[in-house]
Every structure is written in structure tokens, then in C-alpha cells.
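Colleague: My questions all concern the structure below.
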Amino acid sequence: MDVQAFYAVIGGVGFTLLGLWQVVVTSRKDWQRSRPRRMLAYTVALHFLLPAMMSVLSMVAPDQPIVWRVVFATSGALGVVGVLLYRRALIEEYDVPR
């Protein structure tokens with residue numbers, strides 16, 4: 001499989017899942033009222049968005065590795081932030097220490 005085709009498929013699937021997740025979140029009004037549930041929904045959306053965004057941005061300039069390396073490093077840092085938000089939301093929602 002060609003690398004460009006791989007990134008195109010991953011980008012399409014990621015944005016499709018993000019759109020479907022948005023439909024689920026907007027249909028659950030109780031999630032919108034609860035701060036921990038909103039944070040959990042946000043982190044799930046972030047984990048659909050990051051691979052899709054990385055795939056699309058890597059196709060923008062495949063011949064310039066510095067561009068996609070910066071995009072991948074930034075996405076990795078955002079993923080770590082998402083995991084920390086997820087942990088915080090779980091602590092708030094279920095009152096667990098870890």
C-alpha cells in the first residue's frame with residue numbers, strides 16, 4: 001500500500017468517526033450538563049481527531065520531513081494532555097484516587 005493512500009484512508013476514517021462521535025455527544029443532553037462527562041467526550045473526540053489531523057497534515061508536505069515531524073510531535077503532546085484530562089475527568093466522575 002502506498003503511504004499517501006494509507007494516510008488518506010486513516011484521515012477519512014478518523015474524520016468520519018469524529019463526526020459520528022459528535023452526533024452521539026449532541027444527542028446525549030445529560031453529557032452536556034455534566035462537566036466530567038463533557039471532558040470524557042472531549043478526550044474521545046481528541047483521540048479521533050489527532051490521527052486524522054496527523055494523516056492529512058502529513059500529506060500536505062511529504063517531501064519536507066520537518067513539517068510532519070512537528071505535526072506528529074505536537075499531536076503527541078496533545079495526546080498526553082488528553083490522557084491527563086481523561087484521568088482528571090475519571091477522578092471527578094467516579095471519585096477514585098487513580
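The values are calculated or read from the model by the stated rules, or taken from the named source; none is laboratory data. Not measured: the values here are computed from a predicted model. We place every Cβ from the backbone using ideal geometry, glycine too, and count neighbours over all the protein chains shown. Accessible surface areas use protein heavy atoms only, side chains included; no ligands, DNA or RNA. Shrake-Rupley method; radii C 1.70, N 1.55, O 1.52, S 1.80 Å.
Colleague: Would you tally the residues in the stretch 52-75 being at pLDDT below 90, open to solvent by less than 70 Å² (accessible area, probe 1.4 Å) and part of a helix (DSSP H, G or I)?
Modeller: Selection size over the stretch 52-75: 12.
Colleague: Another question, then. Where the second residue is surrounded by 16 or more Cβ atoms within 10 Å (Cβ to Cβ) and the first is basic (Lys, Arg) and lies in the stretch 79-91, which pairs have Cβ atoms under 7 Å and are six or more apart or on separate chains?
Modeller: Qualifying pairs under 7 Å: ARG88/MET39.
Colleague: Which one of VAL60, VAL44, VAL13, VAL24 is of a type outside the set (Asp, Glu) and within 21 Å of VAL81 (Cβ to Cβ)?
Modeller: Only one candidate passes the filter, namely VAL44.
Colleague: Using the structure shown, decide if LEU85 is modelled with pLDDT under 90, open to solvent by less than 70 Å² (accessible area, probe 1.4 Å) and more than 23 Å from PHE6 (Cβ to Cβ).
Modeller: yes
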